[in-house]
Amino acid sequence: MLVLKTINHIQNHLSNSGKTVGFVPTMGALHQGHISLIEKARNECELVVASIFVNPTQFNVKADLDKYPITIEADMDKLIAAGCDVLFLPEVEEIYPTEESRISHLDLGYLNEAYEAAARPGHFDGVAIVVKRLLDIVRPDKLYMGQKDFQQFLVVRKLIEAYNMKVDLVRCPIVREPDGLAMSSRNVRLTGDFRTAAGEFNKQLFRIKENTGKVPLSELVAAATEKLNSNPLISVSYLDAVDGQTLLPVQQMTDADEVAVVAAIDVDGVHLLDNVIIS
Ligand code: AMP
């Protein structure tokens, strides 16, 4: 695997390759969820490019940026094992050479108000600006992103549409731990009873999916929220049925072509995201 740190190097390498390029942007601390994206890209593209860049503009709390786990050696071993061809590993100055380059000019509308955006002002602007920058540099044919970060996926789709970018956005399924907890670099911060409690999160979401069509959607959502909140170790941040294309709330299954339940809980100060598509 080639490790390239500058825009010049990666563009020289990719521009003359004549191969279809699949791109997987990450912030490192890789787990099997990330690796599943690499594997999908490996199956579908001739050249697989991953990036590891802990993007400062998407952290609205500096302390979170400072404590983001860096495990670069282990990450590289995993990428090599999964068949990644090129790792783009830029410094912050390479991505953001000026103050102006840190500013997003894309109006994300509702996606910048709801759910994850409400608690983290500026977060999705930071996501949009870094993905735009990375896509302009790598110019992949296919971009692989996880369904796990449902709102982020819609932000990136909006970005691609807004700038009319020529890239196929591929939504990759959520990879889970043996008890069903969605894999996340945050999971290592959960121990003992807190970790056990977190295992109930996905079960409640899948219960909604199983009972869809049998019980009214609003009742299923209310019951899952109540069940999770009844555990003193869990606090539900949000749990809503939404239109999977717009993220707007839906009342019933007929309100949208794709209905998803998006949710976040807080367990011992760790913010966990999950979702299920129920139609
Ligand atoms: P991150 O490094 O957290 O920014 O994640 C990089 C990419 O991996 C994003 O597209 C995420 O949605 C995706 N991802 C993270 N966790 C999972 C998971 N458990 N299953 C599938 N994809 C994931």
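The values are calculated or read from the model by the stated rules, or taken from the named source; none is laboratory data. Model, not experiment: these values are computed from the prediction. Every residue, glycine as well, gets a Cβ built from its backbone with ideal geometry; the counts of neighbours run over all protein chains shown.
Tell me, please, whether a residue that is under 17 Å from Ile174 (Cβ atoms), among the small types (Gly, Ala, Ser) and in a strand (DSSP E or B) can be found in segment 231-242.
Within segment 231-242, none of the residues are under 17 Å from Ile174 (Cβ atoms), among the small types (Gly, Ala, Ser) and in a strand (DSSP E or B).
Exactly one condition in (1) more than 10 Å from the ligand (Cβ to nearest atom); (2) under 20 Å from the mean Cα position of the chain (by Cα); (3) farther than 22 Å from Arg42 by Cβ; (4) not in a helix (DSSP H, G or I) is not met by Ser184; state its number.
Only one criterion in (1) more than 10 Å from the ligand (Cβ to nearest atom); (2) under 20 Å from the mean Cα position of the chain (by Cα); (3) farther than 22 Å from Arg42 by Cβ; (4) not in a helix (DSSP H, G or I) is unmet by Ser184, namely (1).
Determine whether Ala41 is under 23 Å from Leu159 (Cα atoms), small (Gly, Ala, Ser) and modelled with pLDDT of 95 or more.
yes
Do you know which residues across segment 218-230 are touching a helix residue (DSSP H, G or I) at 6+ places or on another chain (Cβ under 6 Å) and crowded, with 16+ Cβ neighbours inside 10 Å?
Scanning segment 218-230 gives Leu220, Ala224, Leu228.
Looking only at segment 46-81, which residues are of a type in the set (D, E, K, R) and free of Cβ contacts under 8 Å to residues at least 40 places away in the same chain?
Within segment 46-81, Glu46, Lys62, Asp64, Asp66, Lys67, Glu73, Asp77 qualify.
Tell me which residues, restricted to segment 147-169, are outside any loop (DSSP other than H, G, I, E, B), within 14 Å of Val131 (Cα to Cα) and out of contact with any Asp or Glu (no Cβ under 7 Å at 6 or more places or on another chain).
Gln152, Phe153, Leu154, Val155, Val156, Arg157, Lys158, Leu159, Ile160, Glu161, Ala162, Leu169
Out of the residues in segment 196-216 that are in contact (Cβ under 8 Å) with a residue 60 or more places away in the chain and surrounded by 18 or more Cβ atoms within 10 Å (Cβ to Cβ), state the one that is nearest to the ligand (Cβ to nearest atom).
Asn202
Let me confirm something: among Ala50, Ala74, Ala114, Ala63, which residue is part of a strand (DSSP E or B) and hydrophobic (A, V, I, L, M, F, W, C)?
After ruling out the rest, the residue left standing is Ala50.
Restricted to segment 110-134, and to residues that are away from the ligand (no atom under 13 Å from the Cβ) and within 21 Å of Leu89 (Cα to Cα), which residue is surrounded by the most Cβ atoms within 10 Å (Cβ to Cβ)?
Among them, the one singled out is Ala128.
Against the definition (hydrophobic (A, V, I, L, M, F, W, C), in contact with a Leu (Cβ under 8 Å, 6 or more places away or on another chain), outside any loop (DSSP other than H, G, I, E, B) and surrounded by 17 or more Cβ atoms within 10 Å (Cβ to Cβ)), how does Leu30 come out, yes or no?
No.
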